[in-house]
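Since every read-out is calculated from the coordinates, none of them should be taken as a lab result. A quick note: this is a predicted structure, and the numbers were derived from the prediction, not measured. Note that each Cβ is placed from the backbone with ideal geometry, even for glycine, and that neighbours are counted across all protein chains shown.
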Amino acid sequence: MFETGVRQFRLALGMAQGRRLDARNVARLIDDVLDTLAEFGEPGGDVAELIDGPMADPQARAELATASLRRTARRLAAQSPFYARRFTAADAAPDKLEITGLRTIPVTVKAELTDRPGDFRCADVPACLATRTTGTTGRPAEVWLSRYELDLWPALGALASVLRDELRPGDVLQVNLSSRATAALHLASTGCRLAGAGFRPLGIVPPDEALDSLAEGGTTLLQTCSSYLAELVTAARRRGMSAGDFRLRRLVVGGEVLSPSVAQAGIRTFGVAHIDDPYSMTEIAPVTGRACRQGHQHYDLGLGYTELIDLHTGQPAAPGSLGTLVVTPYFPYRDCMPVFRYDTRDVARCLPDAPLRCELAAIPATSQILGKADHLLLLPGGEVITPRQLIEAIEALPAEPWPARYRATVCGGGIRLTLPASAIAGYGEAETVRHFAAAGLDVDLDIVGDDQAASLRRTRSDLHETTFASQHALVGA
Ligand SMILES: [Zn+2]
């Protein structure tokens, strides 16, 4: 049975001693799982335990983290010019690193990665594929991946997806992400190949083309970003399309705040049970987070170390307070251009200091991601307003202005919120102010023309890719 293979594999992951893994072994394991599923049917309910490992014991977790951090630091000190300097400057000895002492090593910030990318390249491995961040915040960072990473990451991802029944032979995965998201596309493409599924990369094309493909092309899985999902829902409604027009069994978004309003609309329009909203980021791959049914984000323990750091003190965030996610992917899972204590600037809230009671309770978690640290609003009374609060309140307006376009600043002790006129259409300013007050947001509205909407807040769906079909429609209009 494949359980034995997966258990041995988990053991190998936990005991990794600096040798690289053989991605072909993972691929063979996927084949075994597929053969077993074909013969015996659905994977059992204890499969999560197989994938995530028995991680409930805090001491075992700490031992795994300490050994993994030391192993990673040892390699970086020898192979990464940036971290050789950083560890020396911090007087950090890789072999003696302790979790509690990690804070003596400064976090790595995006500017360091964009200013001196060559210094992050490990000397002992050739670079194979460059991937650039396609986020909406500033200059893109370029991360090089080795051939080993390009083989290993999709194999690890596909194994987990097959065991969780998120990916089956015969599935067709449509991806509406920027075509420049080379790593994400490679992962999806290779993962589908390993699982015997079809892969349809479309890019951020005009929503009508994506809908046609969803409705006619046998697509069963959709991966996109929240803002493009919002555009798809809007376009589908305009065309009178609903759940009966699609065959989707899974819908995954990432990289942006997904509001309950857009999520519910997506669920209704596309006929899925829920929308998966995992956490991932180019710079910290292959570490990811998974959302549980209680809305926490749980972070992969085997592949990296995740900290939630207070935004002001650099100390671990206290229960109930906000922090930025700082992530260290472990060697041998990150190879070519690794980062150590990378400050993602993604803000989450530290959960209360009490045992979790969700289905992923054995895996450390934070609140869901609340937005970028640089976009927090600090009110004079000390209250902090997160982008998630604003986006959720805006996208809940009756006009359904999706994706939310806004600008928010602190002005005269309150929030000055700039919205395009269509966001409050038919609702009126007084009613809109009451709507935000009910969400705990005391706002002073500034309404501008719709022609300014796109300049208020950038979203990933703004990375439009033209096609000849859409150009034809424009010319013929
Ligand atoms: Zn949870």
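Quick one: check the C-alpha center-to-center distance for segment 413-441 versus segment 280-325, whole angstrom.
Comparing the Cα centres of segment 413-441 and segment 280-325, I get a distance of 32 Å.
Whole-Hz ³J(HN,Hα) for each residue in segment 86-99, computed from phi via Karplus 6.51 cos²θ - 1.76 cosθ + 1.60 with θ = phi - 60°, x for glycine and proline: what do you get?
With the stated coefficients, segment 86-99 comes to 5, 5, 5, 4, 8, 6, 9, 9, x, 6, 10, 4, 10, 4 Hz.
Which of F199, F340 has the fewest other C-beta atoms within 10 Å, and how do the rest follow up to the most?
F199, F340
Only bridges whose two residues both fall in the chain count here: according to DSSP, what percent of them are antiparallel, nearest 5?
Values: 32 of 53 bridges.
Just about 60 percent of them are antiparallel.
Can you tell me how much longer the chain between H312 and A439 gets when fully stretched, taken as 0.36 nm per residue apart minus their C-alpha distance, in nm with one decimal?
Extra length available between H312 and A439 comes to 43.1 nm.
Where does the chain land at 222 nm, in deg cm²/dmol rounded to the nearest 500, when only DSSP H runs of n ≥ 4 count, each adding -39500 (n - 2.57), divided by all residues?
About -11000 deg cm²/dmol.
Once the Cβ-Cβ distance between V410 and D353 is put in as r, and R0 is 30 Å, what FRET efficiency do you end up with, to the nearest 0.05?
Efficiency for this residue pair is about 0.45.
What shape does segment 245-392 take by its C-alpha gyration tensor, where a ≥ b ≥ c are the square roots of the eigenvalues and a/c under 1.5 counts as rounded, a/b above b/c as prolate, and the rest as oblate?
Verdict is oblate for segment 245-392.
Set the Förster distance to 41 Å, then compute FRET efficiency between R139 and R28 from the Cβ-Cβ distance, nearest 0.05.
Working: r = 41 Å, r/R0 = 1.01.
Approximately 0.50, to the nearest 0.05.
About its Cα centre, what dipole magnitude does the chain give when the only charges are +1 on Lys and Arg Cβ and -1 on Asp and Glu Cβ, stated in debye to the nearest 20? Working shown, then result.
Details: 49 positive and 57 negative charges, 198 e Å.
With only Lys, Arg, Asp and Glu charged at Cβ, the dipole is about 940 debye.
Could you go through segment 340-357 in sequence order and give the Karplus-derived ³J(HN,Hα) for each residue, using 6.51 cos²θ - 1.76 cosθ + 1.60 with θ = phi - 60°, rounded to whole Hz, and x for Gly and Pro?
For segment 340-357, the Karplus curve yields 10, 6, 7, 7, 6, 6, 7, 9, 9, 9, 5, 6, x, 7, 8, x, 6, 10 Hz.
Could you list S455, S227 so that the one with the fewest beta carbons within 10 Å of its beta carbon is first and the one with the most is last?
Ascending Cβ contact count within 10 Å gives the list S455, S227.
Name all residues of segment 405-438 having a backbone nitrogen under 15 Å from the label point set 7 Å from the Cα of R237 along its Cα→Cβ direction, giving them as ranges.
From segment 405-438, the list is 405, 422-427.
Give me the extension gain from A215 to A67: residue separation times 0.36 nm, minus the current Cα-Cα distance, reported in nm with one decimal.
48.4 nm
Which distance in Å, rounded to a whole number, links the C-alpha centroids of segment 62-82 and segment 444-470?
Their Cα centres are 43 Å away from one another.
List residues of segment 108-124, by number, whose backbone nitrogen lies under 19 Å from a label position 7 Å along Cα→C-beta of R132.
110-121, by backbone N distance to the label point.
Going by the alpha-carbon gyration tensor, a ≥ b ≥ c the square roots of its eigenvalues, is the chain rounded (a/c under 1.5) or, if a/c is not under 1.5, prolate (a/b greater than b/c) versus oblate?
Oblate, because a/c is 1.5 or more while a/b does not exceed b/c.
How do Y406, Y305 rank when sorted from fewest to most other Cβ atoms within 10 Å of their own Cβ?
If I rank by nearby Cβ atoms, fewest first, I get Y406, Y305.
Work out, step by step, the length gained on full extension between A78 and R180: first 0.36 nm times the residue separation, then minus their alpha carbon distance; give nm to one decimal.
That works out to 33.5 nm of additional length.
Starting from the amide H of F331, placed 1.01 Å from N in the peptide plane, find each other amide H under 5 Å away whose residue is 5 or more places distant or on another chain.
It is T72, by chain and number.
From the Cα gyration tensor of segment 171-238, with a ≥ b ≥ c the square roots of its eigenvalues, which class applies: rounded if a/c is under 1.5, or else prolate if a/b is larger than b/c, or else oblate?
Verdict is oblate for segment 171-238.
Which residues' amide hydrogens lie under 5 Å from the amide hydrogen of C336, considering only partners 5 or more residues apart or on another chain, with H built in the peptide plane?
S146
Taking the chain as a whole, which cysteines find no other cysteine Cβ under 4.7 angstrom from their Cβ?
C122, C128, C192, C225, C336, C350, C411
To the nearest 20 Debye, how big is the dipole of segment 263-333 about its Cα centre, given +1 on the beta carbon of each Lys and Arg and -1 on that of each Asp and Glu? Working shown, then result.
Values: 3 positive and 6 negative charges, 58 e Å.
For segment 263-333, the charge dipole is close to 280 debye.
Could you derive backbone 3J(HN,Hα) for segment 258-271 from the dihedral phi with the Karplus parameters 6.51, -1.76 and 1.60 (θ = phi - 60°), listing whole Hz in sequence and x where the residue is Gly or Pro?
9, 7, x, 5, 5, 4, 4, 5, x, 4, 5, 5, 9, x
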